[in-house]
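To start, the structure under review is shown below, and the notes come after it.
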Amino acid sequence: MLDRDWLVTDAGLCVPCETDARENWGDRPYRLYRFLTDIEDIVDRESDDLLRLQRICPLVRRLLNSCEWLQLNFLSPDPETGWSVQTLYDEPDFLITIQTVVWSPGTASPVHNHAAWGIVALLDGREKNTFWQRSPTTEFPDLIEATGDRILVPGDILCLMPDAIHQIEAISDEPTISFNLYGATDYDRRFEFDPLHSTAQIF
């Protein structure tokens, strides 16, 4: 199966992600420090989140193809929550966070946004993402409606715009593992949504 790049828009639409043409990078290893420097250059040059995602997405694939240790650096899921987060990079004053996330089979996340551009690369297992869009009314200002879903398999990369809303469900018999990269988060705009009661709270 071919590796696929997807983009989730602020309106909750999951569409193919048109990324920069992949270069012939040769055999030189692509180290984490080079990756971080390249991302910093992109973020400094480009203020549009969509263009940032289109330029960073191929670099994520290049990094994962070059650095196997990143794919092996994860924690077993917490037996109580059903998931774990291993932070691989989080430096003060450098607004990039890199994590590996592991979900136990059958575990589902809350419905949420990230209030930051983000990239999720699936390393192992299968992950169902359900997407939502805001549909506010006078009575229910936090009403959201489902817009569709996408099942990710290893090799797939999902690019998320800051206001994209999704829910994750691990649907493999084995743990599902992903490599996650996030930009600067606006924590006042990061929400957990309750579709049943049409409410939202800071997440």
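The values are calculated or read from the model by the stated rules, or taken from the named source; none is laboratory data. Keep in mind that this is a model prediction, so the values were computed, not measured. Please note: Cβ atoms are built from the backbone with ideal geometry, for glycine as well, and neighbour counts cover all protein chains shown.
In table form, for the structure just shown:
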quantity	calculated
D90 vs. criteria surrounded by 16 or more Cβ atoms within 10 Å (Cβ to Cβ), charged (D, E, K, R) and either within 17 Å of the chain's Cα centre (by Cα) or under 14 Å from L123 (Cα atoms) (or both)	no
The one condition in (1) closer than 22 Å to P58 by Cα; (2) buried (at least 17 other Cβ atoms within 10 Å of the Cβ) that V153 fails to fulfil	(2)
Considering residues of the stretch 21-40 that are over 13 Å from S66 (Cα atoms) and modelled with pLDDT of 75 or more only, the residue surrounded by the most Cβ atoms within 10 Å (Cβ to Cβ)	I39
Some residue of the stretch 57-74 being touching a Ser or Thr at 6+ places or on another chain (Cβ under 8 Å) and closer than 20 Å to Q167 by Cα	no
Test: R55 is free of Cβ contacts under 8 Å to residues at least 60 places away in the same chain, surrounded by 14 or more Cβ atoms within 10 Å (Cβ to Cβ), over 18 Å from G155 (Cβ atoms) and within 19 Å of the chain's Cα centre (by Cα)	yes
Conditions (1) of a type outside the set (A, V, I, L, M, F, W, C); (2) in a loop (DSSP other than H, G, I, E, B); (3) closer than 30 Å to W69 by Cβ; (4) out of contact with any Lys or Arg (no Cβ under 8 Å at 6 or more places or on another chain): number failed by N180	(2)
Which numbered condition T97 misses (of (1) in contact with a Lys or Arg (Cβ under 9 Å, 6 or more places away or on another chain); (2) in contact (Cβ under 8 Å) with a residue 40 or more places away in the chain; (3) β-branched (V, I, T))	(1)
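For (1) over 23 Å from R31 (Cβ atoms); (2) touching an Asp or Glu at 6+ places or on another chain (Cβ under 9 Å); (3) assigned to a loop (DSSP other than H, G, I, E, B), each residue gets a yes or a no:
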{"position": "L53", "(1), (2), (3)": "no, no, no"}
{"position": "D78", "(1), (2), (3)": "yes, no, yes"}
{"position": "T81", "(1), (2), (3)": "yes, no, yes"}
{"position": "S84", "(1), (2), (3)": "yes, yes, no"}
{"position": "D90", "(1), (2), (3)": "no, no, no"}
{"position": "L122", "(1), (2), (3)": "no, yes, no"}
